[in-house]
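Worksheet: the structure to be examined is printed underneath.
The values are calculated or read from the model by the stated rules, or taken from the named source; none is laboratory data. Here the structure is a predicted model, which is why all the values come from computation and not from measurement. Note that each Cβ is placed from the backbone with ideal geometry, even for glycine, and that neighbours are counted across all protein chains shown. Side chains are part of the model used for accessible areas, which takes the heavy atoms of the whole protein and leaves out ligands, DNA and RNA. Shrake-Rupley method; radii C 1.70, N 1.55, O 1.52, S 1.80 Å.
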Amino acid sequence: MAKPQLTMGPVLFHWSAEQKRDFWFRVADEAPVDVAYLGEVICSKRTPFFDSHLPEVAERLIAGGKKVVWVTMAEVLSKLDRNTVSGMIVLEGAEIEANDSSALSRLSGRPHRIGQYFNVYNELAMEHLARNGACHFTLPVELPAGSFSTLAATAHKLGAGMEVQIFGRVGLALSARCYHARAHGRTKDNCLFVCENDPDGMDLKTHSGAPFLSINGIQTLSHRFLNLSREVGELKEIGVTAFRLSPHSCDMIAVSRLYRELLDERVTADETDNRLVELGVRQPMMNGFFHAKPGFERVAAHASGE
Amino acid sequence: MNETFAKPELVCPAGTPAALRTAVDAGADAVYCGLANETNARNFAGLNFTPQALEQSIAYAHDRGAKVLLAVNSFATSPRAQLWFDAVDLAARLRADAVIVADIGVASYAVSRYPGLRLHLSVQAGASSPEAIRYYCEEFGISRVVLPRILTVPEIDAIHREIPCEIEAFVFGNIGMMAEGRCSLTNYVTGVSTNMNGVCSPASDVRYVEHSDGSTAATLGDFEIDCYAAEEKTGYPTICKGRYMRPGREEPYYAFEEPVSLNLSALLPDLVRAGVSALKIEGRQRSRSYVHSVVSAYRRAVDDVAAGRTPDLSTLAMLTEGGKQTQGAYATKKWR
């Protein structure tokens, strides 16, 4: 069996261009990841800030031995959204991860990836997409273990890669409305980029003060961070080929080193969890979806999924 | 108003066979419904159709010149995907007039087994751009797209010019804030999924808790979705309609949307002009009397608009959620 890959997902949040550039430079130079996903997934209004840095970032990542994959937006609505997606697709020789059906017709016949925002829940969907050139699938975050194993078998049969997010806040919903703008009495068109103040999202609490969700523009994320340290062994066993970290403002280089050691079985899940606490990653973390339980839950001992 | 229009199809909801008959009798051109299982996005206890009831209902509708559209619009989930394919088989066998699909696997199954079966693209597929809609048309021969409730009328008009299929648009009823088919909030809180199980904020996880100050909390699973002061009317704890606090704003606010209903009666002529050929009323979970009132009112309104008369829809306002209504995204981009 090939060595499981570790990947760095796209930066979901509106970090400043300098922060983003420095983040990817450090990933290029120091992080033991095999693949880096570049591009804006959430809001096309953010793209002009970082577009000019993309070539140097991609170059540095490639020099660092990483494969660069370009992501398309999760929701495509406005003219700017549509242009952002088309601009990405015409990049010569670039491997694209499609996160919305608008990218798919133009990728047909060319090898491409399917991202976690595109709904693939069954083998027929996987087979259909593979016939048009899809060669790697990152599955929706809400799937339970039982679905992963059937889909992994199909991916294997198709010669396709299969990826699962194992760390970071989880995207739960998308909307046409920008909730960051709404929180500040603005609208999407006159948002003044208020999302730049929340490097990991804007937290929402319930009336009783319980942390609940997190807002990133049009996206609603889990408040808790996903951590599948205890499930990685089973995921490897059923044939998942790549494991995704979703970037946050914590020390992602340390996080990536830790999960690399976990994948290589040089640390245990317990040690991984303890070190995540030491690194200041927000606790408690979640793994419920995998176990067919409410997603936010932390299932302590190993319990089999659906 | 002198302008006359091609008459759009009025597409009405039915959660039960009785509601279906009511909708047909009240003037629906087409009725949409789902099976009593996870294969559709309104999988609520006590709702929906057995295969036998569906067969009888299709006969009832067809005898009166109305169509029946079967929603198989949740996402076929491995390893249980056969349940969704069985629903497509049933629709074909009972000669439903179309199947409303969202999942690529279900669409792929339908088109390979039943090339003559008419397919509508569900709002759950979230196809919101011409490229996305064309993808489904090219891959699966989709005849009609149900547009997400996030577009303005001018945007619908622009999309209409760029796609090869009919457009169906929601005009009345409940309005969810999240992109359909892309929301796992319910699963995050309750462990059952909107996409995989067809369930949103299930009643079995809802609790109302009275506090000593007279306020009432509406909770879903472990989370308080809203809390109502003694004098406030309590609502149902749908996650995207709750009130929450954010840093720097300790007063809970509607972070996503207030509980309002969509009512586009005033925009009907604009929608038809923009190329909408079917008008959809939400509400498979609603009572027969609700279906009767809304369908009758919209029947008159569509006929009035088609004949160039100004429709009177004052009765509809009373049927909206909490009496509050909105034109949502359709009227202005400022909604976003």
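Side notes on the structure shown:
- Scope region B:242-287; condition open to solvent by less than 30 Å² (accessible area, probe 1.4 Å), in a strand (DSSP E or B) and more than 14 Å from chain A (Cβ to nearest Cβ); matching residues: B:Ser261, B:Asn263, B:Val276, B:Ala278, B:Leu279, B:Lys280, B:Ile281
- Just one of the listed residues (B:Val101, B:Val68) is within 14 Å of chain A (Cβ to nearest Cβ) and either more than 18 Å from B:Ile281 (Cβ to Cβ) or crowded, with 24+ Cβ neighbours inside 10 Å (or both), namely B:Val101.
- Residues (modelled with pLDDT under 95 and open to solvent by 10 Å² or more (accessible area, probe 1.4 Å)) located in region A:105-143: A:Ser105, A:Arg106, A:Ser108, A:Gly109, A:Arg110
- Qualifying residue in region A:58-74 (condition: touching a helix residue (DSSP H, G or I) at 6+ places or on another chain (Cβ under 6 Å), touching a residue at least 40 places away in the same chain (Cβ under 8 Å), crowded, with 23+ Cβ neighbours inside 10 Å and within 13 Å of another protein chain (Cβ to nearest Cβ)): yes
- Where strands (runs of 3 or more DSSP E) fall entirely within region B:50-137, none has at least 1 residues that are at pLDDT below 95.
- Any hit, region A:160-173, residues being in a loop (DSSP other than H, G, I, E, B), out of contact with any strand residue (DSSP E or B) (no Cβ under 7 Å at 6 or more places or on another chain) and at pLDDT 95 or above: no
- Failed criterion for B:Gln52 (all others in (1) open to solvent by 10 Å² or more (accessible area, probe 1.4 Å); (2) in contact (Cβ under 8 Å) with a residue 12 or more places away in the chain hold): (2)
- Of residues in region A:1-38 being small (Gly, Ala, Ser) and out of contact with any helix residue (DSSP H, G or I) (no Cβ under 6 Å at 6 or more places or on another chain), the one nearest to A:Thr220 (Cα to Cα): A:Gly9
- Hits in region A:205-222 - residues which are within 8 Å of chain B (Cβ to nearest Cβ) and touching a residue at least 12 places away in the same chain (Cβ under 8 Å): A:Leu213, A:Ile215, A:Thr220, A:Ser222
- Single match in A:Glu306, A:Glu271, A:Glu261, A:Glu297 (criterion: at pLDDT below 95 and either buried (at least 16 other Cβ atoms within 10 Å of the Cβ) or assigned to a helix (DSSP H, G or I) (or both)): A:Glu306
- Residue identified as among the charged types (D, E, K, R), buried (at least 22 other Cβ atoms within 10 Å of the Cβ) and in a loop (DSSP other than H, G, I, E, B) among A:Arg224, A:Arg244, A:Arg230: A:Arg230
- Any hit, region A:144-165, residues being buried (at least 23 other Cβ atoms within 10 Å of the Cβ), under 28 Å from B:Arg336 (Cα atoms) and within 19 Å of the chain's Cα centre (by Cα): no
- Scoring B:Tyr136 on the criteria (1) touching a Cys at 6+ places or on another chain (Cβ under 9 Å); (2) more than 8 Å from every other protein chain (Cβ to nearest Cβ) leaves a single failure, condition (2).
- Residue check for B:Ala255: without any contact (Cβ under 8 Å) to a residue 24 or more places away in the chain and within 30 Å of A:Met202 (Cβ to Cβ): yes
Conditions tested, residue by residue: (1) more than 18 Å from B:Gly235 (Cα to Cα); (2) more than 10 Å from chain A (Cβ to nearest Cβ); (3) under 14 Å from the mean Cα position of the chain (by Cα).
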site	(1), (2), (3)
B:Arg113	yes, yes, no
B:Ala127	yes, no, no
B:Glu131	yes, no, no
B:Ile142	yes, yes, no
B:Leu151	yes, no, no
B:Ile159	yes, yes, no
B:Glu166	yes, yes, no
B:Tyr188	yes, no, no
B:Tyr208	no, yes, no
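- Selection count where residues are open to solvent by less than 60 Å² (accessible area, probe 1.4 Å) and either closer than 12 Å to B:Asn174 by Cα or modelled with pLDDT under 80 (or both), scope region B:309-320: 5
- Restricting region A:175-199 to residues that are facing another protein chain (nearest Cβ under 8 Å) and assigned to a loop (DSSP other than H, G, I, E, B) leaves a set whose member that is farthest from B:Met178 (Cα to Cα) is A:Thr187.
- Which numbered condition B:Arg95 misses (of (1) more than 14 Å from chain A (Cβ to nearest Cβ); (2) at negative phi): (2)
- Residue in region B:227-241 that is open to solvent by 10 Å² or more (accessible area, probe 1.4 Å), out of contact with any Pro (no Cβ under 6 Å at 6 or more places or on another chain), in a helix (DSSP H, G or I) and within 13 Å of chain A (Cβ to nearest Cβ) present: yes
- Failed criterion for B:Gly15 (all others in (1) open to solvent by 20 Å² or more (accessible area, probe 1.4 Å); (2) modelled with pLDDT of 95 or more hold): (1)
- Of all the numbered requirements in (1) part of a loop (DSSP other than H, G, I, E, B); (2) outside the structural domain of B:Asp157 (by TED's automatic domain parsing); (3) β-branched (Val, Ile, Thr), B:Thr219 misses one, and that requirement is (1).
- Qualifying residue in region B:49-62 (condition: in contact with a Ser or Thr (Cβ under 7 Å, 6 or more places away or on another chain) and closer than 30 Å to B:Ser201 by Cα): yes
- Criterion violated by A:Met202 - all others in (1) under 22 Å from B:Val189 (Cα atoms); (2) facing chain B (nearest Cβ under 7 Å); (3) surrounded by fewer than 19 Cβ atoms within 10 Å (Cβ to Cβ) satisfied: (3)
- Selection count where residues are farther than 16 Å from A:His128 by Cβ and either surrounded by fewer than 24 Cβ atoms within 10 Å (Cβ to Cβ) or free of Cβ contacts under 8 Å to residues at least 12 places away in the same chain (or both), scope region B:122-133: 2
- Restricted to strands (runs of 3 or more DSSP E) entirely inside region A:1-108, those with at least 3 residues that are among the β-branched types (Val, Ile, Thr) are A:67-71.
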